[in-house]
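All of the numbers you see were taken from the coordinates with simple rules; none came from a lab. Predicted, not measured: the structure shown is a model, and the values here were computed from it. Positions of Cβ are backbone-derived with ideal geometry, glycine not excepted, and every protein chain shown enters the neighbour counts.
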Amino acid sequence: MKICGIELKANNAIFVLIDDRKFIDLKTKKLTIENDETQEDIRKFCNEFLLFLEENQVEKVVIKKRAKKGTFAGGAVTFKLEALIQLNPICEVELISSQTIASFEKKNIIEFPKELKKYQEQAFLSALSYIGQIK
C-alpha cells in the first residue's frame, strides 16, 4: 500500500511516500500555497495535489495533527491546507497525533533513509507510525 505522510508547516505541505515500509524518493517533496486568500492559488494547490496523488498512485494520506490552541497551535493556513487535502476524491485521509508518533519512536528503532531531507522527517514518521498502528 502506498502511503503519503504529510506534515503541514506555514504554507507548505511536506510529503513523503512509503510503499510497503520502503521510502520512495520523490521529485516533488512539498507543495506551497503562495497566497491562501486567492481562489486561483487555492485551486492551483488543489490541482497540483491531486496530480501528485494520481501520478504516484497514493492509496492513503496520513497527516500529522497540529494543536488547535496553545503555544504550538497550527496557523490558519495549515488548517486550510488540511481541509483541502481531506477533500481529495482519490484516497482516504487519516490524522495521526504527535503522541502516537512519539510512542512509535520510543518502541522502534528508526533508520532514516539517506535520501530523506531533514525537513521531511516528521512526514516520514507520520507514515511509519500509521503503518505501525495497522499491523
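With only the Cα atoms considered, the chain has a convex hull volume of 108 Å³ per residue. For Val58, neighbours were defined as the other residues whose beta-carbon sits under 11 Å from its Cβ, and their charges (Lys and Arg +1, Asp and Glu -1) total -3. When the P(r) of the range 91-135 is calculated, the portion above 16 Å amounts to 36% of the C-alpha pairs. Taking the Cα centre of the range 1-122 as reference, the dipole from Cβ charges on Lys and Arg (+1) and Asp and Glu (-1) amounts to some 560 debye. Close amide H pairs (under 5 Å, H built 1.01 Å from N) link Leu95 with Ile63, residues at least 5 positions away or on another chain. Output the 0 to 90 degree angle, nearest 10, between the alpha-carbon long axis of helix 76-86 and the longest principal axis computed from the alpha carbons of the chain. Taking the Cα atoms of the chain, the angle to 76-86 is about 70 degrees.
Taken as Cα centroids, the range 56-110 and the range 2-30 sit 11 Å apart, rounded to the nearest whole angstrom.
In sequence order, the range 126-132 has phi-based couplings of 4, 5, 4, 5, 5, 4, x Hz under the Karplus curve 6.51 cos²θ - 1.76 cosθ + 1.60, θ = phi - 60°, and Gly or Pro positions carry x. When only Cα pairs below 8 angstrom with a gap of at least 6 residues are kept, the range 1-57 shows a relative contact order of 24 percent. Computed extension gain for Asp25 through Met1, at 0.36 nm per residue and net of the alpha carbon distance, reaches 7.1 nm.
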